[in-house]
Amino acid sequence: MARKKTAEATTGAADLAPRPRGHRSLVTKRDLLAYRRRLEAELAELRAQRADLEEAAEASLPDATGEVGFDEEFADAGSFTFERERDLSLVDNAKDLIAKVEHALARIDRGGFGRCEACGADIEAERLDALPYATLCLADARQRARPR
């Protein structure tokens, strides 16, 4: 029994809900490899998108600090502000998705991928196919999404 606890401590599985006795994951080693490849490709794409968006937001900053004549169209300034806010929002979204993908890759390394972080049950295969960085089964995701 002490050996099992040591293994959980080293893999990080102790922070997940326990599996029922005799439980086998529905995610096979082949599936894990496919999910890892998909997540790594998605991570590279997201990082590139974030870099492009940050570069665009940084490049437009000097335009924002330029002097605007009183007679110029205020709509231009409003459009610029809107586009900059949109770009910054997209950067934040990319950062959030990057964190989720990195967390999913870490769960693969720790052996917790495909298990719900709330209840320990298997995450539905369809859910993982749609959102490979999902951390909750559908029931727990719905429960957390309900307004209180």
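Just so you know, all these numbers are worked out from the coordinates, no wet-lab data involved. None of these values were measured; they are calculated from a predicted model. Every residue, glycine among them, receives a Cβ derived from its backbone with ideal geometry; neighbour counts consider all protein chains shown.
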Potential lengthening between THR28 and ALA130 on full extension [0.36 nm per residue; Cα-Cα distance subtracted]: 35.0 nm
Distance in nm between pseudo-label sites at LYS95 and ALA118 (7 Å out along the Cβ direction from Cα): 2.7 nm
Spacing of the two label points (7 Å from each Cα toward its C-beta) at ALA44 and ARG142, in nm: 3.8 nm
